[in-house]
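Let me begin by presenting the structure, written as structure tokens, before commenting on it.
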């Protein structure tokens, strides 16, 4: 019989539900801390690799830790701190709300320049009973955090990246019903992407992660900009489900 293949997100969901059924306090947090320990990664790194399959040895080690926790062994493994996550340019709040659902105990900020967008985002968060989990801030990109001591573990953004000259060619369902400010990336579509990359290092913790969605044709230039800041070490492009490069991911250097 072929052994079931487990990915990180799936095994975390199953384990958290199992712990909840067994009366383990903070079941999702506990599941994450144990798996992070087994994989020798941080909880933040788990969130960035939800689709990663686990080896049989990793699963066996994780099961061993689960059994120990069911015996109410304290298992003081570290990395149980509160991750700080920023959804920069949140729009309707979809990303921030999804993060609040997926990452137990995370402190989440969601910012946008548009008062109207933030009103929608707050209402959406309230609909999902998550309004107390998300701190909403109004301002242009980094403005709400300028001078603040906050440093984030993850900054994620889906900024405007449509070329101004291409705006009128968008489907009417998008062009006529989405606010232009949420789509128009100015002359080359890169204005906001450039600002995010250039300044993100100020607001990330050492080892923190930056993730930006963009047009596939913009990803190579984005990687070049990341290199030019000298703030980041590891970087890569990720494909969407249509096999198009759609996301860049970069980790701030330690120290």
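Values in this text are rule-based calculations from the coordinates and carry no lab data. Because the structure is predicted, anything quoted here is derived from the model rather than measured. As a convention, Cβ positions derive from the backbone with ideal geometry for all residues, glycine included, and neighbour counts pool all protein chains shown.
Given a Förster radius of 45 Å and the C-beta distance between residue 244 and residue 20 as r, what FRET efficiency does 1/(1 + (r/R0)^6) yield to the nearest 0.05?
Details: r = 38 Å, r/R0 = 0.84.
Calculated transfer efficiency: 0.75.
How big is the Cα convex hull of the range 95-158 in projection, averaged over all directions, in nm²?
Projected over every direction and averaged, the Cα hull of the range 95-158 covers 4.4 nm².
If you rank 126, 4 by fewest surrounding Cβ atoms within 10 Å, what's the result?
Fewest-to-most ranking of 126, 4: 4, 126.
Run the quick spin-label model on residue 113 and residue 52: label points 7 Å from Cα toward the beta carbon, then report their separation in nm to one decimal.
Distance between the two pseudo-spin positions: 3.6 nm.
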